[in-house]
Each structure stands twice: as C-alpha cells, then as structure tokens.
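Notes follow once the structure below has been shown.
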Amino acid sequence: MNSIDLFLMGIRNLWRRKARTFLTVLGVIIGTTAIIVMVSLGLGMERAFMEQMEQMGSLTNVTVYKNWEGGSDTELNQKAIESFKNIENVEAVLAQKNSYMKISTGKYIASLGINGVDLDALEAFGFQTTEGRLLEETDKNGLLFGAQAMNEFYNPRKKQNRWEQEVEIDLLEQKRMVITTDQMYGEPVQDMSGDMKRPKPHDTKVVGILAESQDIRGWGIYMDINDMQKILETDAKVTGQKFDKNLVYDDVTIKVNNVDNVAAVSETLKVQGYQTWSMTDMLEEMRNTARTIQLVLAGIGAVSLFVAAIGITNTMVMSIYERTREIGVMKVLGSRLVDIKRLFLFEAALIGGIGGLIGLGLSFGVSKLINQLGAGALGMEGGSGLSYIPVWLAAAGIGFSMLIGLISGYYPAKRAMNLSALDAIRTE
Amino acid sequence: MSLIEVKDIKKVYRLGSEKVHALRGVSFNIEAGEVCVILGKSGSGKSTLLNMMAGLEKPTKGSVKIKGEAVTKMSEKRLAIFRQKNVGFIFQSYNLMGALTALENVAMPLTFRGIGSKRRNAAAKKMLENVGLGDRVKHKPNQMSGGQQQRVGIARALVGKAEVVFADEPTGNLDSKTSAEVMKLMVDICKHNNQALVIVTHDGSVGQYADKIVSILDGEVQNIVVKGEKKHEQA
Ligand SMILES: Nc1ncnc2c1ncn2[C@@H]1O[C@H](COP(=O)(O)OP(=O)(O)O)[C@@H](O)[C@H]1O
Ligand SMILES: [Mg+2]
C-alpha cells in the first residue's frame, strides 16, 4: 500500500469520527499549549535575567580580593597589579584605594569616600562624562564626580538636618574647592577634646561629571591615585599618624577581553591565592536557577500533554474496537500487516501533529497576551516580555506532540496488527 | 499437481474440558479454474475447512497447499502477501466498508497492492460493470440492496484476478431469486477468467453451478462428485 493511499485512508478514518477526533485533538492542543507556554515563561525569565545582568554591569569584569584567610602573599600592591595585567586575555585593570575625605566649596561641605585610581584604566572601563572631561595627569588634585554623589553636599550652619537639605551646585563652576582628610573641617561645632594638629586643606577641582549608571560609579568620586597618596602623606605628617609609603589597593577590578575567558582568568587568580567574584559566577547561578524553574514549568506542561497522550491511546483503542471487523476484512483482502500498523500509527501521529500545530498557534497567542498583560501589570514597558517562544521551541513543540502521538498510537497499532482476521470477521 | 491440495486436515476445538472435532481428516484437491462447492448442513465443519484453506486458521493436523505452497505453515506476514497476490474472498455478510463508495470498496484490494489510483479505479469500474453495477459506482453500501452489495463484494474479490476465490455462504443472506443471479454471475466471471472458485454452502441448489461437489458431514468428507464422472463414494 503506498503512502499517499495510507494517508488518505487515515485522514478519512479520523474525519469519519469527527467529534471524537476533535476532542482528542483538543486534548493535544491544551497539552501542547501548556508545555510551550510554560517553557516560554522559563525562557522569558532567563532572558530577563540576562538583560538585567547586562544592565547591572559588565559581564567581563572580575573583582579581585586579597585572601583574608592568609596563606600566600595576596597583598593588592603595585606588583600584584602589574602581574594581573600580564595574565592572558586581561584587557585592563582598575585598582582603587578608598579614602574618606571632606570636600568643601563655598558654604557647603560633604563627607565622601574618594577612590584613588590609575588614570590609564578609566577609559578601558567605560568611564564617560556627561559634563566636563575625564581626568588627565596634569590635573592637580582633580576630581571626577559620580552623577549621584553631589547630593552629599550640605550647609553645616543650617538648622535643617543634612539629609533633608536639597543642594544644587554646579560643581564644574566652583571658584574654590578644597579637600582634606580632616573630618572636622568646616563643621561649626568643634571637638575640643584632643589638641591634635589639624592638616591644612588642599585645593581641588571637579573636572567632569560621570554619566549616570546603575553601576557603583554613579556614587563614586575618582581621583588620581598619586594625588591621593600625596594628600594622605602630607596630612599624616601634620597629624603625626603613620603613613605606609607602600601603596596597597582596596579594590581591584579586572576587565577580560571576552565573557568566555572570564572563568579562565578567575581560575588563574584563584590558583595564585586571590579571591575573585564576577557577574559571570552569578550568571551561572542564575542560569541554573532558571533551568530548574524551566524544568518545573515544563513538568507541569508535560502532565497535561501526558493526559493528552492517554487520550490519544484511548481514542485509538476505541477505534480498534469499532473497526475490528474492518481490520479483519482488510487483512483477508490482502493488506499487509505493516500497512495496518502504519495506518494506526499515522492516525495517532496526525492527531498529535494537528493538535501540536494548533497548540503552537494558540501558544503564540497566549504568549502575546501574557506579555501584554504582564507589561501592564509589572510596568515593564518596552521590556522583552515574560514569555518568549524561540524557533527551536516552536519546532520542538510540534515535533514532541507528533512523537507523543506516535508513542500513544504504538500500542493500539500493534494490537490492530495482531488482531486475528478470523475473529475479526466472525464478529457479526 | 492440483491448484489446491487439502491433505488430511483435522481440527479440534477445546471448549473447556470438552473437545469438538470440527474436522476429522479431510482430503481433496481442486484444480485451476474449477468451481468447487463444499456442501453440508450447518455445523458440519464447512467454514472451518474454508478458513484453513484461506490460511485464516491453522489446522490441528494436516496441510493445505495452494500452488504448491503450504498455507498452513506460513507466518501471518507471508500469508498476508500470499493472499494479496493469490486469493480473493467473498463473505456471507458482504463486509463492505460503509464509509467507502462501491468503487472504492472494489478498488481496495488493489490499493493494498500499491497500485495507483488511476489504474485501480479503472479496473474497479470495469469490474463493477461486469457485475452489472456500472451505474452504482458512487453509491455507498447502505444505499444498495443486499444483492447489489454482494455483487460489489464479488467485484472486490475478483478485481485482483486472484487464482483462487473463496466464498463462505455467499448467498446466505439473499432470497432465492437473487441468490441464483449472484451465483451465476460469480461462476460466469470465474469461468471467464479461469479462476478457481471455492463455495461453501448448505444450499443444495448451489450444486448445479459446480464442477465438483464436496459433501461434508460431521467433519468428514461424505462423497465427492465431479461433473461428468460418476460418484466417488468414500469409505
Ligand atoms: N472457534 C471455535 N471454537 C469452538 N468450536 C468451534 C469454533 N468454530 C467452530 N466450532 C465448531 O466446529 C463445528 C463446525 O463449525 P463450522 O465450521 O462453523 O460449521 P459450518 O460452517 O459447517 O456451519 C461446529 O460444531 C462449531 O460449533
Ligand atoms: Mg459456516
């Protein structure tokens, strides 16, 4: 029996029992839709994770810490920084030393953490200004201000709490601005207890305002590490505090040329005894979480598809009962055994396939609806949506439903094939 | 070598602890193009015998050879192919496919052989004309009388030009006038195409169409009458 005749016969058989075929197909539609939509939610979630991560900061950055548990020498000094730069695939290293200082301009003061950095690294790490420019070697005590950092200024003479003061100053246009390690500087109430010598403030200037970002650098204030060291040294001399000439950084971030190399660089650093953290570590964790959730969601969908599969088997077995005589007659009239098997398998697969196809269409509709409703409810305007159906999922959805059809049809088909022709035609 | 050789067929059914000897050692031959009527009253074992010959059931003992091949020893798979090539079958209750037209019903055995729709429809149409149903091609079985349905059944059995055609009580559901028409039609076409026709019946009047009459009683051959020869009494 050739395939076209077989197909036509199968389609006719299904058509003959429209109502039951429709109900069985409906089961598959629901099952397929459930599984596709569920997986699409998982995928949408994973994609949302990724986008969020990309917004949060560069995936190619690795943060390095000194090993607090001791062991090998992991001091983040100049020598270490140079060695980091020589690791394969490392593009740039941003080393920072943090120091708490007071900045004053006009009647305003602010207590701020200043990051001393190597100016060469700024550009490589994507520092950009919205006003002014980046720091240059020639800027003596120049400062880069994070967009949000200027909110820290307040007028100490006002009764109003410093946090409640709304201060608007154009940092780039200030006539005279000073910076000092003296935390008492500019405060109206002076602590008279000790007669500790107080250092003189140093002239400073803001050369640029950094572009706003979700990154920590929005609140950061940056300064040439050499200038910072000089200020610290000078002030330490006045107060008589100890100053370690040997520069040790608090914070080191390494930029790797490619996301795929991040793990290798992290590994190299770990072997050398450092502790590291990168967004990619988190990404991996998030991905694993997403996978687990996807599996759970797919499992829920799979249950309904499983029910649909039972529906197909049931329909086909019923069909065999009804068609017992017909099958027997076919056998007596010379149909090959495989033809009977193929016929039943085809009918089952067709139920699966049609259900899958309609289910896929429905899934796209449901997915769109979810995204629209979700965007409204969560205020994710323009976001990429909660549900996401990539091409492979669509293809897998149809393929899977057909496979389910075939599997569900296998037992009935086998049964039809093994039916005794004699018993079948005797059934009067 | 005869076309069909039935040799010492025995069939025992078990009904609980009871044994039913449906056939107790039946032997006879059928020649090519011969019309053979297996005659006997109800319960004598005719259908059982026919089923063995068509390979639908295995005997307890003995063998049936068609064209030298032992159908009693064939696997289901081989039997299907063998039947497709060599055997046509006419049922008492017609057994037409209710969803299919007369033409499609008749073309069905050719479909199983993998013959394309054009050729098989042409052959089926011709066969329907031969049985006098040229104007009922598009009719469904439930739109036809019993006699017409059986003629469709005959066309279906003969369309493949099988060398052997089996018919189990083909006129059992028809009135005597229609029976006579149907019998004549069947015999005429088989004679014309040199097909052997094996008819099982309890109706003695069918004997008039036969070249050979095998009378069966209680699972044993009572006698075999060949037209033009005298009676062969069996012991
Ligand atoms: N499947 C079966 N199981 C048990 N007994 C059977 C079976 N088929 C036929 N018989 C018995 O075998 C005998 C012959 O039956 P059958 O060949 O149908 O007779 P006929 O066709 O001549 O009327 C009967 O007694 C019948 O009851
Ligand atoms: Mg009978």
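Of all DSSP beta bridges in the protein assembly as shown, what percent run antiparallel (nearest 5)? Provide the component values of the computation, followed by the final result.
On the way: 64 of 90 bridges.
Antiparallel: roughly 70 percent of the beta bridges in the protein assembly as shown.
Longer than 29 Å from Cα to Cα, which of B:K126/B:K191; B:K61/B:K161; B:K19/B:K212; B:K11/B:K125 are they? Say none if no pair is.
Details: B:K126/B:K191 17 Å; B:K61/B:K161 31 Å; B:K19/B:K212 31 Å; B:K11/B:K125 40 Å.
Going by Cα-Cα distance, B:K61/B:K161; B:K19/B:K212; B:K11/B:K125 fall outside the 29 Å limit.
Give me Rg/Rg_expected for the protein assembly as shown, where Rg uses Cα atoms only and Rg_expected = 2.2 N^0.38 Å with N residues.
Numbers: Rg = 47.0 Å, N = 663, 2.2 N^0.38 = 26.0 Å.
Dividing the Cα Rg of the protein assembly as shown by 2.2 N^0.38 Å gives 1.81.
Go ahead and run the numbers for FRET between A:T63 and A:T234, Cβ-Cβ distance against an R0 of 25 Å, rounding to 0.05.
Efficiency, rounded to the nearest 0.05: 0.25.
Count the DSSP beta bridges whose two residues both fall in chain B, then state the antiparallel fraction as a percent rounded to the nearest 5. Each step should come with its number before you reach the end.
Working: 25 of 43 bridges.
Around 60 percent antiparallel, to the nearest 5.
Taking beta carbons within 10 Å but only from partner chains, what does the mean come to for residues B:76-89? Show your work: numbers first, answer last.
Working: counts 6, 4, 0, 4, 12, 3, 1, 7, 6, 1, 1, 3, 3, 6.
Mean partner shielding for this stretch: 4.
Quantify how strongly other chains surround peptide B:108-116 by giving the mean number of their Cβ atoms within 10 Å of each of its Cβ atoms. Numbers along the way, then the final one.
Details: counts 8, 5, 4, 11, 10, 5, 7, 3, 3.
Counting Cβ atoms of other protein chains within 10 Å of each residue's Cβ and averaging gives 6.
What span do the alpha-carbon atoms of the stretch B:93-235 cover on each of the three principal axes, reported in whole Å from largest to smallest?
Largest first, the stretch B:93-235 extends 53, 29, 25 Å along its Cα principal axes.
Straight distance only, please: which lysines reach the Cα of A:K85 with their own Cα at less than 18 Å, same-chain residues fewer than 8 apart left out?
Reachable lysines: A:K66, A:K97, A:K255, A:K270.
From zero up to wherever the largest Cα-Cα distance of the stretch A:14-156 sits, split into 5 Å bins and tell me the percent of pairs in each.
With a bin width of 5 Å, the distribution comes to 2, 6, 10, 11, 12, 11, 9, 7, 6, 4, 4, 4, 3, 4, 3, 3, 1, 1, 0.
With a cut-off of at most 12 other beta carbons within 10 Å, and DSSP calling the residue loop, which trypsin sites (Lys or Arg not before Pro) in the stretch B:1-71 qualify? Please list them.
Values: sites: B:K7, B:K10, B:K11, B:R14, B:K19, B:R24, B:K41, B:K46, B:K61, B:K65, B:K67; in loops: B:K41, B:K67.
Here the trypsin sites (Lys or Arg not before Pro) that fit, given the DSSP loop and packing criteria, are B:K41.
At a probe size of 1.4 Å, how large is the accessible area of A:R198, to the nearest 10 Å²?
110 Å²
How do B:S63, A:S3, B:S44 rank by accessible surface area computed with a 1.4 Å probe, from largest to smallest?
Working: B:S63 25, A:S3 55, B:S44 0 Å².
Reading off the accessible areas and sorting them downward yields A:S3, B:S63, B:S44.
Given the convex hull over the Cα atoms of the stretch A:61-257, what projected area results after averaging over all orientations, in nm²?
On the way: hull surface 52.1 nm².
If you wrap the Cα atoms of the stretch A:61-257 in a convex hull and average its projections, you get 13.0 nm².
Tell me the label-point distance for the pair B:T60, A:N418, using the 7 Å Cα-to-Cβ offset, in nm and rounded to one decimal.
The two pseudo-label positions are separated by 2.6 nm.
Sorting check: for B:159-171, A:295-307, which peptide has the highest mean count of neighbouring beta carbons within 10 Å, and how do the rest follow? Walk me through the numbers on the way to the answer.
Working: B:159-171: 23.2, A:295-307: 16.5.
Descending packing order for the listed peptides: B:159-171, A:295-307.
The values are calculated or read from the model by the stated rules, or taken from the named source; none is laboratory data. This structure is a prediction, so every number in the text was calculated from the model and none was measured. Don't worry about glycine lacking a Cβ; one is built from the backbone with ideal geometry, like all the others, and counts go over all protein chains shown. Quick note on the areas: whole protein, heavy atoms, side chains included, nothing else; ligands and nucleic acids left out. Shrake-Rupley method; radii C 1.70, N 1.55, O 1.52, S 1.80 Å.
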